[in-house]
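Beneath this line is the structure, given in structure tokens, with notes to follow.
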Amino acid sequence: MAGMNEHRSGCPINLTLEVLGDRWSLIVIRDVMFGNRRHFRELMTLSDEGIASNVLAARLQRLVAVGLLSKRDNPAHKQKVTYSLTEAAIELVPLLIHMGAWGRRHMPASPELSIRAQLLEAGGPPMWEAFMAELRSFHLGAPAPERSVFAELRTAFAAAVAHPDAIA
């Protein structure tokens, strides 16, 4: 099998963990995917987890190298690049939704930060597909879908932050 020497094994779970199994890669993808954070400064300063700039730079470089993010120069600002999800990263939506659902059930997740996971879990695959279509519009230039799951999630999060006692 070509390239097997560079991997611990050909197991699909192992191969996925080799790409995504570090402490920060899925957090960066989450922030691009659910927070629409497309620039280095946004990813660094708006992260709840407080990623260090050198770690973020290394993760972004690695995610571009493995084909989960693409980057392009920003014509309005010579030192700024814009990161976009690739199709491979967009296909991680169901995985991230399942991880969020598991975290809500088994870990001490905050209600405000759990509301999006709750809605996506409840919405099931039809909502996930609509969200993926919207991500393709944002990141890959596909036509914009009629439904904006991103706006639904943003509205629910804002309401949860404004009225934390109202979260079920």
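Values computed for the structure shown
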read-out: Nearest-ten-degree value, helix 25-35 long axis tilted from longest Cα axis of the chain; value: 40
read-out: Residue with peak Gaussian network fluctuation, the chain [Cα springs, cutoff 10 Å], from Trp24, Trp128, Trp102; value: Trp102
read-out: Hydrodynamic radius by Kirkwood, which averages 1/r over all alpha carbon pairs of segment 1-51, in angstrom; value: 12.6
read-out: Rounded to 10°, Cα long-axis angle of helix 111-140 versus longest principal axis of the chain; value: 50
read-out: Model label zone, Val64; criterion: amide N under 14 Å from point 7 Å along Cα-to-beta-carbon; scope segment 19-48; value: 38-41
read-out: Rounded percent of accessible protein surface that carbon and sulfur make up, the chain, 1.4 Å probe; value: 58
read-out: In Å², nearest 10: area of His106 left accessible to a 1.4 Å probe; value: 110
read-out: For the chain: accessible area per residue (Å², 1.4 Å); value: 60
read-out: Computed over the chain: relative contact order in percent, which uses C-alpha pairs under 8 Å that are six or more apart; value: 16
read-out: Residue-level accessible surface for Leu46, protein heavy atoms, 1.4 Å, Å²; value: 90
read-out: Förster radius 30 Å - calculated FRET efficiency between His7 and Val55 (Cβ-Cβ, nearest 0.05); value: 0.80
read-out: Rounded to whole Hz, the Karplus (6.51, -1.76, 1.60) HN-Hα couplings of segment 8-21, x for glycine and proline; value: 5, 7, x, 4, x, 5, 4, 4, 5, 5, 4, 8, 10, x
read-out: Cβ crowding within 10 Å averaged over residues, with 116-122, 141-147, 26-32 ranked highest first; value: 26-32, 116-122, 141-147
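The values are calculated or read from the model by the stated rules, or taken from the named source; none is laboratory data. Just so you know, these numbers come straight off a predicted model, no measurement behind them. Heads up, the Cβs are rebuilt from the backbone with ideal geometry, glycines too, and the neighbour counts pull from every protein chain shown. Just the protein is used for accessible areas: all its heavy atoms, side chains included, with ligands, DNA and RNA removed. Shrake-Rupley method; radii C 1.70, N 1.55, O 1.52, S 1.80 Å.
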